Amino acid sequence: GIQVEQSPPDLILQEGANSTLRCNFSDSVNNLQWFHQNPWGQLINLFYIPSGTKQNGRLSATTVATERYSLLYISSSQTTDSGVYFCAVPSYGAGSYQLTFGKGTKLSVIP
Amino acid sequence: SQTIHQWPATLVQPVGSPLSLECTVEGTSNPNLYWYRQAAGRGLQLLFYSVGIGQISSEVPQNLSASRPQDRQFILSSKKLLLSDSGFYLCAWEPRESEKLFFGSGTQLSVL
């Protein structure tokens, strides 16, 4: 099946700093999603981004499908950005479909 | 707007006891529904998915089962819990017209 690798696995930032999280995938995909899991476990869908760039406030994401990677940018980080960031890509079987998740990047933003 | 409800938030159960976790979605029709488990260490494992009432697909052999008695209701069950069933269980839904996935708030299950 498709492999998804995220880097770095852990990241510590000073509040106000910028960061880039990376997601590599092993096969062609027609969409990619980024999620944020807060320290209480809630998973929020940040971006649905098959290709190109999308922005939502201080967060933006870019997917280069032809080169099989996506980047999540966090600018002017805040303590509320802490948590684990996952990317996920679809894999298709005979009449079925599921998302394959990376292992996540754990971000800690310190004041 | 669409919302997903999952309960309970936390659950402590003895080994060998039954389990029933419920998830409901509001504001949409005929969604795809999913149960994931997240063990300590972050990985998300797909357990079951459903594309319609009574249609359940299982991704991994296990001590758990799932049912979809109504269009927007998804239930995760076990007849006898094992220690290894402990974990964080997440229900998720996806609209038919999109592959964008939305998660419930999760249930932290501890089997003792």
Practice problem: Return one whole number: the accessible area per residue of segment B:3-111 in Å², for a 1.4 Å probe. | Solution: 44 Å²
Quiz item: Any idea how far the Cα center of segment A:1-79 sits from the one of segment B:7-62, in Å?
Solution: 25 Å
Quiz item: Taking a 27 Å limit on the Cα-Cα distance, which of the listed pairs B:K79/B:K100; A:K103/B:K79; A:K54/A:K103 fall beyond it?
Solution: B:K79/B:K100; A:K103/B:K79
Quiz item: For B:N63 and A:I110, what does the FRET efficiency come to when R0 = 41 Å and r is the distance between their Cβ atoms, rounded to the nearest 0.05?
Solution: 0.50
Exercise. Just reorder A:V89, A:V4 by solvent-accessible area, largest first, 1.4 Å probe, all chains present.
Key: A:V4, A:V89
Quiz item: Averaged over peptide B:89-96, how many Cβ atoms belonging to another chain are found within 10 Å of each residue's Cβ?
Solution: 1
Quiz item: With each label point set 7 Å from Cα along the Cα-Cβ vector, what nm distance links A:Q3 and B:A39?
Solution: 2.0 nm
Quiz item: Given a 1.4 Å probe and no ligands, DNA or RNA in the count, how much accessible surface is buried by A and B, both sides, to the nearest 100 Å²?
Solution: 1700 Å²
Self-check item: chain A - convex hull of alpha carbons, volume per residue in Å³
Solution: 92 Å³
Quiz item: For the pair A:T66 and B:S110, what calculated FRET efficiency results from E = 1/(1 + (r/R0)^6), where r is the Cβ-Cβ distance and R0 = 41 Å, to the nearest 0.05?
Solution: 0.35
Quiz item: At q = 0.09, 0.11, 0.12 Å⁻¹, what log₁₀ I(q)/I(0) does a Debye calculation on the Cα points of chain B give, no solvent, two decimals?
Solution: -0.21, -0.31, -0.37
Practice problem: Ignore the peptide's own chain and count Cβ atoms of other chains within 10 Å of each Cβ in B:99-105; give me the average, rounded. | Solution: 6
Self-check item: Average accessible surface area per residue within chain A, 1.4 Å rolling probe, Å²
Solution: 48 Å²
Exercise. Once you have all Cα-Cα distances for the protein assembly as shown, histogram them in 5 Å bins from zero and send the whole-percent values.
Key: 1, 7, 14, 18, 18, 16, 13, 8, 4, 1, 0
Exercise. Just grab the label-to-label distance for B:S98 and B:V12, each label 7 Å out from Cα along the Cβ direction, in nm (one decimal).
Key: 4.0 nm
Quiz item: Ignoring ligands, DNA and RNA, what percent of the 1.4 Å accessible area of chain A is carbon and sulfur?
Solution: 49 percent
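The values are calculated or read from the model by the stated rules, or taken from the named source; none is laboratory data. Just so you know, these numbers come straight off a predicted model, no measurement behind them. Here Cβ is always computed from backbone atoms with ideal geometry, including for glycine, and neighbour counts include all displayed protein chains. Heavy atoms of the whole protein, side chains included, go into the accessibility calculation; ligands, DNA and RNA do not. Shrake-Rupley method; radii C 1.70, N 1.55, O 1.52, S 1.80 Å.
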